[in-house]
Amino acid sequence: MDLWLNWADALGDWGRELSGYAASALVLATFSMQSMASLRLTAIASNLAFILYAWVAHLHPILMLHGVLLPLNIIRLVQMRTANAKRVCPDGRGMGRRLRMPPWRRRGSLA
């Protein structure tokens, strides 16, 4: 813990602001993700960055929020990967292959 506090003290306000901007940029990046897996991974990185920022800037509400969101994002990512691994095609072949979406749910479909 002292290492992080010494790092924050060495960089001063500039270091705290930089970590806050990096965390905010990661939140912005989550909105550009096209898959849930990449969204969750980016959200986990964002949670870690905000935890660091909140720790060095002594922002307890932000620290608590991202301390709760981090395990939630990890759990959801593990659940998603577990569900994808159990997916089976209707004919029983292709364990782990992705099923095709019905036509009305495909991207670009107007129906």
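Yes or no, residue by residue, for (1) touching a helix residue (DSSP H, G or I) at 6+ places or on another chain (Cβ under 6 Å); (2) outside any helix (DSSP H, G or I); (3) buried (at least 17 other Cβ atoms within 10 Å of the Cβ); (4) polar (S, T, N, Q):
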{"position": "A25", "(1), (2), (3), (4)": "no, no, no, no"}
{"position": "L39", "(1), (2), (3), (4)": "yes, no, yes, no"}
{"position": "A43", "(1), (2), (3), (4)": "yes, no, yes, no"}
{"position": "S46", "(1), (2), (3), (4)": "yes, no, yes, yes"}
{"position": "F50", "(1), (2), (3), (4)": "yes, no, yes, no"}
{"position": "Y53", "(1), (2), (3), (4)": "yes, no, yes, no"}
{"position": "H66", "(1), (2), (3), (4)": "yes, no, yes, no"}
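When L52, L59, L18, L65 are screened for being at pLDDT 95 or above and of a type outside the set (S, T, Y), only L65 passes.
Say whether the condition of being modelled with pLDDT under 90, among the polar types (S, T, N, Q), part of a loop (DSSP other than H, G, I, E, B) and surrounded by fewer than 11 Cβ atoms within 10 Å (Cβ to Cβ) is met by at least one residue in the range 90-109. Checked against the condition, which is being modelled with pLDDT under 90, among the polar types (S, T, N, Q), part of a loop (DSSP other than H, G, I, E, B) and surrounded by fewer than 11 Cβ atoms within 10 Å (Cβ to Cβ), the range 90-109 yields at least one hit.
Restricting attention to the range 2-10, does a residue exist that is at pLDDT 75 or above, over 16 Å from I62 (Cβ atoms) and in a helix (DSSP H, G or I)? No, the range 2-10 contains no residue that is at pLDDT 75 or above, over 16 Å from I62 (Cβ atoms) and in a helix (DSSP H, G or I).
The values are calculated or read from the model by the stated rules, or taken from the named source; none is laboratory data. Bear in mind that the values here come from a model prediction, so they are computed numbers and not experimental data. Please note: Cβ atoms are built from the backbone with ideal geometry, for glycine as well, and neighbour counts cover all protein chains shown.
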